[in-house]
Structure formats: structure tokens, C-alpha cells
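The values are calculated or read from the model by the stated rules, or taken from the named source; none is laboratory data. Bear in mind the structure is a predicted one, so any value in this text is a computation, not a measurement. Methodologically, a virtual Cβ is constructed for each residue, glycine included, from the backbone with ideal geometry; neighbour enumeration extends over all protein chains shown.
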């Protein structure tokens, strides 16, 4: 789900012209979605939540997710 939505989002925005970068963005989103589904299973949440997580990851993209994680970890590091 994340791979398809991410690919379509990048093509729709038309900001990226390199087919290689479009493919890599899509594959990274797919990998993040796979990781999220493992966390969802580990937390014993409904498995149908994996599809929603994949859609959300594909919609926001790798760059936004990376920025959110860096900001979160920065706050945690400041608190130590």
C-alpha cells in the first residue's frame, strides 16, 4: 500500500524527475510500512491497522517521516 501511494504521490507532485529517486522513495516507504506492521503486530493491535499505517506512510513520504523522527529524538536527547 505504502509503495503504491508513495509512487503515485511523487508522480502527482511532479517535483521529482529522476525515475530512480521515485522508485527508491516508493521502496523506502514500503520498508517503513513493513516495519510499522511488525510493530502493530507486536503491540497486538488489529492487523487491519497495517493498511491504514501503510497508506499514511505513503501519503506523507520518507522526508516528512525522517524529519519527525529527528525532531522526536532531538527532544529526547535534550531531556537527558
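Filtered by the rule that a residue be loosely packed, with under 10 Cβ neighbours inside 10 Å and part of a helix (DSSP H, G or I), segment 13-50 gives 13, 19, 20, 42. Every test in (1) under 15 Å from residue 65 (Cα atoms); (2) out of contact with any helix residue (DSSP H, G or I) (no Cβ under 7 Å at 6 or more places or on another chain) is passed by residue 51 save one, and that test is (1). Show the residue pairs that are 6+ apart or on different chains and have beta-carbon atoms under 6 Å apart, the first residue being within segment 52-72 and surrounded by 12 or more Cβ atoms within 10 Å (Cβ to Cβ), the second being modelled with pLDDT under 90 and part of a helix (DSSP H, G or I). Sorted first by the residue in segment 52-72, then by its partner, the pairs are 54/2; 55/5; 57/2; 58/2; 58/5; 58/6; 59/5; 62/25. Residue 22 falls short on exactly one of the conditions (1) at pLDDT 90 or above; (2) in contact with a helix residue (DSSP H, G or I) (Cβ under 8 Å, 6 or more places away or on another chain), and that condition is (1).
Checking the stated criteria, residue 75 turns out to be surrounded by fewer than 10 Cβ atoms within 10 Å (Cβ to Cβ) and either part of a helix (DSSP H, G or I) or in contact (Cβ under 8 Å) with a residue 24 or more places away in the chain (or both).
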